[in-house]
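See below for the structure under consideration.
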Amino acid sequence: MFRLQGSKVLAVDMTGDAVKAKNGSMVAYDGQMAFKKLSGGGEGIRGMVTRRITGEQMTLMEVKGHGTCWFADRASEINLVGLQGDKLYVESSNLLATDAGLRTGTSFTGMRGASQGNGLFTTTIEGHGQAAIMSDGPAVVLRVSGQYPLTVDPGAYIAHQGNLRQSFQSGVTFRTFMGEGGGEAFQIRFEGDGVVYVQPSERNTIAGEV
(Lines give C-alpha, C1' and ligand atoms only; values in the text may rest on other atoms or scores of the structure.)
Protein backbone atom coordinates (compact mmCIF):
# COMPACT_ATOMS: atom_id res chain seq x y z
CA MET A 1 0.00 0.00 0.00
CA PHE A 2 2.80 2.45 0.92
CA ARG A 3 5.77 2.89 -1.41
CA LEU A 4 8.38 5.58 -1.93
CA GLN A 5 8.98 7.36 -5.22
CA GLY A 6 12.43 8.72 -4.65
CA SER A 7 13.11 9.61 -1.04
CA LYS A 8 10.76 12.58 -0.69
CA VAL A 9 7.42 11.42 -2.14
CA LEU A 10 5.10 8.79 -0.67
CA ALA A 11 2.78 6.93 -3.05
CA VAL A 12 -0.23 5.15 -1.55
CA ASP A 13 -2.19 2.70 -3.70
CA MET A 14 -5.80 2.28 -2.56
CA THR A 15 -8.55 -0.13 -3.55
CA GLY A 16 -11.44 1.25 -1.55
CA ASP A 17 -9.49 1.57 1.68
CA ALA A 18 -8.27 4.72 3.42
CA VAL A 19 -5.17 6.49 4.67
CA LYS A 20 -4.69 9.24 7.26
CA ALA A 21 -2.20 11.94 6.31
CA LYS A 22 -0.97 15.34 7.39
CA ASN A 23 -3.39 18.00 6.20
CA GLY A 24 -2.18 19.69 3.02
CA SER A 25 0.48 17.06 2.27
CA MET A 26 -1.19 15.53 -0.82
CA VAL A 27 0.53 16.70 -4.01
CA ALA A 28 -1.37 14.62 -6.60
CA TYR A 29 -3.83 11.77 -7.07
CA ASP A 30 -5.46 9.70 -9.77
CA GLY A 31 -8.68 7.71 -9.71
CA GLN A 32 -11.68 8.48 -7.52
CA MET A 33 -10.97 9.84 -4.03
CA ALA A 34 -13.01 11.25 -1.15
CA PHE A 35 -11.47 13.54 1.46
CA LYS A 36 -12.40 14.25 5.07
CA LYS A 37 -10.70 16.55 7.58
CA LEU A 38 -9.84 14.95 10.93
CA SER A 39 -8.79 16.48 14.24
CA GLY A 40 -5.41 15.29 15.46
CA GLY A 41 -3.52 15.12 18.72
CA GLY A 42 -5.24 11.94 19.84
CA GLU A 43 -8.70 10.47 19.81
CA GLY A 44 -11.58 11.04 22.20
CA ILE A 45 -11.70 13.16 25.35
CA ARG A 46 -8.03 12.73 26.20
CA GLY A 47 -7.07 14.05 22.80
CA MET A 48 -9.25 17.12 23.33
CA VAL A 49 -7.69 17.75 26.74
CA THR A 50 -4.20 17.29 25.32
CA ARG A 51 -4.78 19.89 22.62
CA ARG A 52 -6.18 22.31 25.16
CA ILE A 53 -3.16 21.91 27.46
CA THR A 54 -0.47 22.06 24.80
CA GLY A 55 -2.11 24.26 22.19
CA GLU A 56 -1.08 21.76 19.52
CA GLN A 57 -3.15 21.65 16.36
CA MET A 58 -2.11 18.49 14.58
CA THR A 59 -4.56 18.40 11.67
CA LEU A 60 -5.00 15.21 9.68
CA MET A 61 -7.09 14.32 6.67
CA GLU A 62 -8.54 10.97 5.63
CA VAL A 63 -8.33 9.98 1.98
CA LYS A 64 -10.44 7.07 0.77
CA GLY A 65 -11.06 5.65 -2.66
CA HIS A 66 -9.64 3.79 -5.64
CA GLY A 67 -6.40 4.94 -7.21
CA THR A 68 -3.08 6.37 -6.10
CA CYS A 69 -2.32 9.39 -3.91
CA TRP A 70 1.07 11.04 -3.64
CA PHE A 71 2.12 12.84 -0.46
CA ALA A 72 5.07 15.11 0.37
CA ASP A 73 5.87 17.91 2.81
CA ARG A 74 8.50 20.62 2.31
CA ALA A 75 10.84 18.20 0.50
CA SER A 76 11.39 16.25 3.73
CA GLU A 77 12.90 12.77 3.56
CA ILE A 78 10.28 10.06 4.11
CA ASN A 79 10.85 6.87 6.07
CA LEU A 80 8.49 3.86 6.14
CA VAL A 81 7.94 2.08 9.45
CA GLY A 82 6.11 -1.24 9.69
CA LEU A 83 4.11 -2.03 12.83
CA GLN A 84 3.23 -5.58 13.87
CA GLY A 85 0.97 -4.89 16.82
CA ASP A 86 3.58 -2.72 18.52
CA LYS A 87 3.60 1.00 19.26
CA LEU A 88 5.51 3.82 17.58
CA TYR A 89 6.18 7.10 19.38
CA VAL A 90 6.73 10.01 16.99
CA GLU A 91 6.91 13.79 17.20
CA SER A 92 3.68 15.11 15.66
CA SER A 93 5.57 17.45 13.32
CA ASN A 94 7.39 14.41 11.87
CA LEU A 95 4.29 12.32 11.08
CA LEU A 96 3.23 12.26 7.41
CA ALA A 97 0.75 9.38 7.01
CA THR A 98 -0.56 6.14 8.50
CA ASP A 99 -2.80 3.28 7.47
CA ALA A 100 -6.34 4.23 8.47
CA GLY A 101 -6.53 1.07 10.58
CA LEU A 102 -3.70 2.17 12.87
CA ARG A 103 -4.77 3.82 16.13
CA THR A 104 -3.33 7.22 17.00
CA GLY A 105 -3.16 8.73 20.45
CA THR A 106 -0.95 10.72 22.78
CA SER A 107 1.68 9.90 25.39
CA PHE A 108 2.99 12.18 28.14
CA THR A 109 6.67 12.97 27.64
CA GLY A 110 7.38 15.30 30.55
CA MET A 111 10.34 17.61 30.35
CA ARG A 112 11.43 16.68 26.85
CA GLY A 113 8.27 18.10 25.33
CA ALA A 114 8.63 21.26 27.40
CA SER A 115 12.28 21.65 26.43
CA GLN A 116 11.39 21.47 22.75
CA GLY A 117 8.43 23.78 22.86
CA ASN A 118 6.40 21.05 21.13
CA GLY A 119 3.97 20.52 24.00
CA LEU A 120 4.05 17.89 26.72
CA PHE A 121 2.84 15.00 24.60
CA THR A 122 4.14 12.81 21.78
CA THR A 123 1.92 11.13 19.20
CA THR A 124 1.55 7.36 19.47
CA ILE A 125 0.65 4.98 16.65
CA GLU A 126 -0.19 1.33 17.25
CA GLY A 127 -1.65 -1.70 15.50
CA HIS A 128 -0.77 -3.55 12.31
CA GLY A 129 0.18 -1.56 9.23
CA GLN A 130 2.54 1.10 7.94
CA ALA A 131 3.38 4.64 8.97
CA ALA A 132 5.40 7.24 7.09
CA ILE A 133 7.54 9.58 9.16
CA MET A 134 9.55 12.56 7.95
CA SER A 135 13.04 13.76 8.67
CA ASP A 136 15.16 16.77 7.76
CA GLY A 137 17.78 14.83 5.83
CA PRO A 138 18.08 11.03 5.70
CA ALA A 139 17.00 9.48 9.01
CA VAL A 140 19.36 7.25 10.96
CA VAL A 141 18.01 4.23 12.84
CA LEU A 142 19.98 3.59 16.02
CA ARG A 143 19.69 0.33 17.96
CA VAL A 144 19.34 0.33 21.73
CA SER A 145 20.13 -2.80 23.75
CA GLY A 146 20.56 -3.57 27.42
CA GLN A 147 24.31 -3.30 27.08
CA TYR A 148 24.24 -0.11 25.00
CA PRO A 149 21.88 2.66 26.18
CA LEU A 150 21.58 5.67 23.89
CA THR A 151 21.61 9.41 24.59
CA VAL A 152 20.02 11.68 21.97
CA ASP A 153 19.88 15.43 21.38
CA PRO A 154 16.17 16.36 21.67
CA GLY A 155 16.36 18.54 18.56
CA ALA A 156 17.41 15.53 16.48
CA TYR A 157 14.92 13.03 17.90
CA ILE A 158 12.12 11.89 15.55
CA ALA A 159 10.62 8.67 16.87
CA HIS A 160 11.22 5.41 18.70
CA GLN A 161 9.69 1.96 19.04
CA GLY A 162 10.30 -1.13 21.11
CA ASN A 163 10.59 -1.79 24.82
CA LEU A 164 12.41 1.42 25.73
CA ARG A 165 12.50 3.55 28.86
CA GLN A 166 13.10 7.28 28.58
CA SER A 167 14.83 9.53 31.06
CA PHE A 168 15.83 13.17 30.78
CA GLN A 169 19.18 14.65 31.67
CA SER A 170 19.87 18.33 32.16
CA GLY A 171 23.20 20.09 32.42
CA VAL A 172 25.94 20.36 29.82
CA THR A 173 24.43 20.12 26.35
CA PHE A 174 26.06 18.79 23.20
CA ARG A 175 26.51 22.27 21.77
CA THR A 176 27.79 23.76 24.99
CA PHE A 177 30.28 20.91 25.29
CA MET A 178 31.52 21.67 21.79
CA GLY A 179 32.04 25.30 22.76
CA GLU A 180 29.22 26.67 20.60
CA GLY A 181 26.99 27.87 23.44
CA GLY A 182 23.22 27.89 23.44
CA GLY A 183 21.50 24.69 22.50
CA GLU A 184 19.22 22.23 24.26
CA ALA A 185 18.86 22.16 28.01
CA PHE A 186 18.09 18.43 28.06
CA GLN A 187 19.29 15.18 26.63
CA ILE A 188 17.10 12.10 26.18
CA ARG A 189 18.46 8.77 27.43
CA PHE A 190 16.95 5.52 26.13
CA GLU A 191 17.44 2.18 27.87
CA GLY A 192 16.03 -1.23 27.04
CA ASP A 193 15.56 -2.94 23.68
CA GLY A 194 14.36 -1.07 20.60
CA VAL A 195 15.27 1.48 17.95
CA VAL A 196 15.43 5.28 17.87
CA TYR A 197 15.07 7.40 14.72
CA VAL A 198 17.13 10.58 14.57
CA GLN A 199 17.61 13.21 11.86
CA PRO A 200 20.89 14.86 10.86
CA SER A 201 19.44 18.33 11.49
CA GLU A 202 18.08 19.91 14.64
CA ARG A 203 14.65 21.52 14.89
CA ASN A 204 14.53 24.82 16.73
CA THR A 205 14.03 24.53 20.49
CA ILE A 206 13.23 27.18 23.06
CA ALA A 207 14.80 25.75 26.21
CA GLY A 208 18.14 27.55 26.11
CA GLU A 209 20.43 27.16 29.07
CA VAL A 210 19.44 26.25 32.61
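Okay, here's what the table says:
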| read-out | value |
| --- | --- |
| Environment charge of residue 35, counting only residues whose C-beta is closer than 10 Å and scoring Lys/Arg +1, Asp/Glu -1 | +2 |
| Contour minus Cα-Cα distance for residue 167 and residue 32 (0.36 nm per residue) | 43.9 nm |
| Fully extended contour minus Cα-Cα distance, from residue 13 to residue 124, at 0.36 nm per residue | 37.6 nm |
| With DNA, RNA and ligands ignored, accessible area of residue 14 (1.4 Å probe; Å², nearest 10) | 10 Å² |
| Segments 66-73, 146-153 sorted - mean Cβ within 10 Å per residue, highest first | 66-73, 146-153 |
| Packing-based ranking, highest mean first, of 18-24, 28-34, 79-85 given that Cβ atoms within 10 Å are counted | 18-24, 79-85, 28-34 |
| Counted charge near residue 146, where neighbours are those whose Cβ lies closer than 12 Å (Asp, Glu -1; Lys, Arg +1) | 0 |
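The values are calculated or read from the model by the stated rules, or taken from the named source; none is laboratory data. Remember, it's a predicted structure, so these values are computed and weren't measured experimentally. Glycine also receives a Cβ, built like all others from the backbone with ideal geometry; neighbour counts cover every protein chain displayed. For accessibility, only protein heavy atoms count, side chains too; no ligands or nucleic acids. Shrake-Rupley method; radii C 1.70, N 1.55, O 1.52, S 1.80 Å.
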